[in-house]
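Novice: I am attaching a structure below and will ask some questions about it afterwards.
What follows is calculated from the coordinates using simple rules that are stated; it is not laboratory data. In this text the structure is predicted, and so the values were computed from the model without any measurement. Neighbour counts run over all protein chains shown; Cβ positions are idealised from the backbone, glycine included.
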Amino acid sequence: MKFKYKQTSNIKETDVQEVAKKLEPYLAELRTISQDSSYARDESALYLPHDEQLRKQVSKLANKSKSHKLKEVMVVGIGGSNLGTVAVYDALMPNGIALTFFDTIHVRTLKQANTRMRKIYNSKGEVLINFISKSGSTNETLVNARVLIDNLRDITDKWRDHIIVTTEPDSKLDDWAHNQGIPTLPNPVHVGGRYSVMSAVGIFPLALAGVDIKKLHKGAARMLERCLSNDVRKNYALQSAAAIYSAMKHKASIHNLFLFNMDLERVGKWHRQLFAESLGKDGKGITSIVSIGSNDLHSTFQMYLGGPKDKFTTFVRVKPSQDIHIASIDDELDAIVPELNQRSVTQVMDAIYDGTVASYQKRGLPFVEVILEKINEEELGAFLQFKMIETMLLGRLMNINAFDQPNVEEYKEITRELLG
């Protein structure tokens, strides 16, 4: 992964150095926390890529759960218990056991899942329900899990053998699982959902799906070393946080993660939650939106260029690993856009990206660029880690707690009151 900010972000290296000086004590704290296996601090997600014991625990349970009969893993969770896993799964499209995701409550989806579950068992196959809730009491997760588990109980007396619970140790859900003899995986107390993709929350279902979780952690660990450095020339998270914070001080209220690869769309939705829940507090924050190139050049690009100058953009592109030649059809069709003749799909997309960036530069719209070498475990691990550290640094610059979400709890409490 490469990161570029000079000449386009409206900040200089001296500006980054000033921010680095302000954040130096916090970076020192983060370096210590990243080596601390006790998971005692809010930033403890930084230790996850180094946690070999966790990786062994997850791999052992994943290998035990795999069989030729296992046809589908139903991942039941919402928000941080879901978005990171979906992001990696959709980006990599692995060839292992199929994952399906149950986040929001949707009757049709649940009915279809129950029908599909019965068909699988009627064909001598099996499913595995990975029931994920850090608190153990999230409304949507409990609704989806209870509906699916009830169906599973109706199908097989051995339903407990087909469930894995991932939750905070000693939560009520953890107690239930132990009382039922259902295996559990830990979501550490001080690892919030939106920072938990490298924990058992993400790596257990991903391991079943065929993702190399060791490489995912390796990429994250590599980026950890870079982004916890005081050297402004190598610290991508510091550079990016400085650029975004400067834009916010100049009245930017929107951050646009503009992904020029459709496989990364779910990564954008993961990032949207990361920024929103971490930074939207005390009347402060920057609203995170997601754009996909080149789709959104034909939907929202007019607003980005011609609308209010209230946005800061992070462009993400992936170096091509494959290509398709654009075929010649006939003289009449080929003449409609002759510039496409003798070109490839990648060449056209590269020109579209370069044209987009040039449009931003022409208008002085601030942006930074992330270049991924390819879409694989290491590069995804690096990018996710980069964004998590960037968010922590922004929280400290904004003088807010980047690890709680007090207003999210409000709707949960009112929901329970309404349900009596």
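Novice: Out of residues 5 or more away from Ser9 or on other chains, whose amide H comes under 5 Å of its own, with H placed 1.01 Å from N in the peptide plane?
Specialist: Distant-sequence amide H within range of Ser9: Phe367.
Novice: Can you classify the chain as rounded, prolate or oblate using the Cα gyration tensor, where a ≥ b ≥ c are the square roots of its eigenvalues, rounded means a/c under 1.5, and otherwise it's prolate if a/b beats b/c and oblate if not?
Specialist: Cα axes put the chain in the oblate bin.
Novice: Also, I was wondering about something else. Any idea what the relative contact order of region 44-211 is, in percent, if you count C-alpha pairs under 8 Å spaced at least 6 apart?
Specialist: Working: 278 pairs, mean separation 58.0, N = 168.
Rounded, it is 35 percent for region 44-211.
Novice: Which of the lysines could a cross-linker bridge to Lys309, judged by Cα under 16 Å and excluding same-chain residues fewer than eight apart?
Specialist: Lys249, Lys251, Lys362
Novice: Also, I was wondering about something else. Which value does Rg/Rh take for region 300-356 over its C-alpha atoms, Rh per Kirkwood?
Specialist: Values: Rg = 15.7 Å, Rh = 14.0 Å.
Expressed as Rg/Rh, it is 1.12.
Novice: Right, here's the next one. Working from the alpha-carbon coordinates of region 44-211, get Rg over Rh, Rh being the Kirkwood radius.
Specialist: Values: Rg = 14.7 Å, Rh = 15.8 Å.
Looking at region 44-211, the ratio lands at 0.93.
Novice: Among the listed pairs Lys64/Lys281; Lys12/Lys387; Lys134/Lys387; Lys56/Lys111; Lys4/Lys269, give every one whose C-alpha distance is greater than 31 Å. Before the final figure, lay out each step's value.
Specialist: Values: Lys64/Lys281 43 Å; Lys12/Lys387 21 Å; Lys134/Lys387 21 Å; Lys56/Lys111 36 Å; Lys4/Lys269 22 Å.
Among Lys64/Lys281; Lys12/Lys387; Lys134/Lys387; Lys56/Lys111; Lys4/Lys269, the Cα-Cα distance tops 31 Å for Lys64/Lys281; Lys56/Lys111.
Novice: Can you compute the helix-only [θ] at 222 nm over the chain? Use -39500 (n - 2.57) per DSSP H run of at least 4 residues, normalise by all residues, nearest 500 deg cm²/dmol. Provide the component values of the computation, followed by the final result.
Specialist: Details: 15 runs with 206 residues, N = 420.
Taking each H run of at least 4 residues, the total per residue is -15500 deg cm²/dmol.
Novice: If you wrap a convex hull around the Cα atoms of region 304-414, how much volume per residue is inside, in Å³?
Specialist: On the way: hull volume 24.5 nm³, N = 111.
Value for region 304-414: 221 Å³ per residue.
Novice: May I ask you to work out the translational diffusion coefficient for region 380-420 at 10 °C, viscosity 1.306 mPa s, via Stokes-Einstein with Rh from the Kirkwood sum over Cα pairs, reported in whole µm²/s? Please list the in-between numbers first.
Specialist: Numbers: Rh = 12.5 Å.
Taking Rh from Cα pairs, D becomes 127 µm²/s.
Novice: Sort 21-28, 283-290 by the packing proxy (mean of other Cβ within 10 Å over each peptide's residues), most packed first.
Specialist: Numbers: 21-28: 14.5, 283-290: 16.8.
So the peptides 21-28, 283-290, ranked by packing, come out 283-290, 21-28.
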